[in-house]
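Novice: Structure in structure tokens, see below.
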Amino acid sequence: MKNLLASIIIYGDIHLCSKAYGAHKNYPEESLEYFRAITRVAEDRNASHIIGSGDFTFGRFHTLEYRRAVEEELEKQYRICNGNRYELKGNHDFATYGMTEYEYYIEKGLIKPSTKLKIGNVNISMVDYIETKKDNFFDTEKTDVLIGNPNTDINVIISHNFLKFKDTLIANYGKAIELDNLHKWHGVDYIICGHVHKHHIFEGSILNKDCTRAHKAKVHYLGCMTRPAYREGLMDEKGYILNLRIFSDGTMQYDVVEVPLWDIADSFNLEAKQKEKKVKEEKQSRIDISDIVKQLNSHERNVGNPEDIISAMVGVDDKYKEKAIKLLKEAQG
């Protein structure tokens, strides 16, 4: 008979903030709703551990009402998991102005900093955000992780960086750390990531130091339920929380819990975003059409008619060519 050793809840960037943010209609209220959802999932799943993947807040809180609401949830989460409440340090959890909210709640004891855990035959390593200004900078002592025997142990890393394999087809989210030759992580089975705000899952292999063996690893970006920035057509419509259940017989159950998110129209001021988009397009149109006029003036008049010259221009989007020709005809009418 197998016994449940641990039920671990892991969530992506939560970016708590008491101010209006981006194009959200009510970012403080929405962020609190998703933070409370984490508490509910932890309670429903009898969580023994709760782990956040970093970027706890956007700056400092500015209202006591919001702080009180956050602290109420942190206290509930702390009680649910008997104090096994961890949070990675993301890039937004560093600041030059003084103590961050992340550091404040670490000091207050409601969350714990990154660490390494061994539960049964499962090894869990938490890796804070690491600057990547130089080649191979990520491959330092800061990446030391707990990797057990790949034949008998299950190895899990929770990280706050943009990680991928050389051949991973994924959008450009900044400077990526390529995992293929991150030898210290050879043997890891699951890499759970924060930092990237969209849900992604992909696989690849990490080589050992001698490049004689490769070990397959699954990379899972849990996304960001609060969806700070609006990008048309690229928004997650569901939130994702991971539940790892570790058993005494050496098995681990990997469950993804879906969390309903606010409808895009309820979450964001789409009218304002459309106006912003229109202004940007009109500005770009004016620039490109102005450039077309300059190129047109540089042509000899005996080369051909203006419409043909515009149509033949290289490096100009067709929609701007069409607009320029339309304006030309209107001027000639």
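The values are calculated or read from the model by the stated rules, or taken from the named source; none is laboratory data. Computed from a predicted structure; not experimentally measured. Cβ atoms come from the backbone with ideal geometry, glycine included; neighbour counts cover every protein chain shown. For accessibility, only protein heavy atoms count, side chains too; no ligands or nucleic acids. Shrake-Rupley method; radii C 1.70, N 1.55, O 1.52, S 1.80 Å.
Novice: Just to verify a result, which residue in the stretch 90-108, among those that are open to solvent by less than 60 Å² (accessible area, probe 1.4 Å) and assigned to a loop (DSSP other than H, G, I, E, B), is modelled with the lowest pLDDT?
Specialist: Among those residues, the one meeting the criterion is Ala95.
Novice: Within the stretch 44-87, track down each residue that is acidic (Asp, Glu) and either out of contact with any Pro (no Cβ under 8 Å at 6 or more places or on another chain) or over 22 Å from Ile192 (Cα atoms) (or both).
Specialist: Asp44, Asp55, Glu65, Glu71, Glu72, Glu73, Glu75
Novice: Output the residues belonging to the stretch 79-100 that are more than 20 Å from Ile9 (Cβ to Cβ) and either in contact with a helix residue (DSSP H, G or I) (Cβ under 7 Å, 6 or more places away or on another chain) or not hydroxyl-bearing (Ser, Thr, Tyr) (or both).
Specialist: Correct list: Asn91, His92, Phe94, Ala95, Gly98, Met99, Thr100.
Novice: Restricting to the stretch 207-256, name every residue that is more than 21 Å from Thr39 (Cβ to Cβ), within 17 Å of the chain's Cα centre (by Cα), open to solvent by less than 50 Å² (accessible area, probe 1.4 Å) and of a type in the set (A, V, I, L, M).
Specialist: Passing the criteria: Val219, Met235.
Novice: Could you tell me how many of the residues in the stretch 181-191 are part of a loop (DSSP other than H, G, I, E, B) and open to solvent by 30 Å² or more (accessible area, probe 1.4 Å)?
Specialist: Qualifying residue count for the region: 3.
Novice: Which ones in the stretch 148-166 are among the hydroxyl-bearing types (Ser, Thr, Tyr) and either modelled with pLDDT of 95 or more or open to solvent by less than 60 Å² (accessible area, probe 1.4 Å) (or both)?
Specialist: Ser159
Novice: Starting from residues that are among the polar types (S, T, N, Q) and surrounded by 13 or more Cβ atoms within 10 Å (Cβ to Cβ), keep the ones in the stretch 63-89 and report whichever is nearest to Cys17 (Cα to Cα).
Specialist: That would be Gln77.
Novice: Could you say whether any residue in the stretch 36-52 is in contact with a Gly (Cβ under 9 Å, 6 or more places away or on another chain), surrounded by 24 or more Cβ atoms within 10 Å (Cβ to Cβ) and assigned to a loop (DSSP other than H, G, I, E, B)?
Specialist: Within the stretch 36-52 (the criterion being in contact with a Gly (Cβ under 9 Å, 6 or more places away or on another chain), surrounded by 24 or more Cβ atoms within 10 Å (Cβ to Cβ) and assigned to a loop (DSSP other than H, G, I, E, B)), the answer is no, since none of the residues qualifies.
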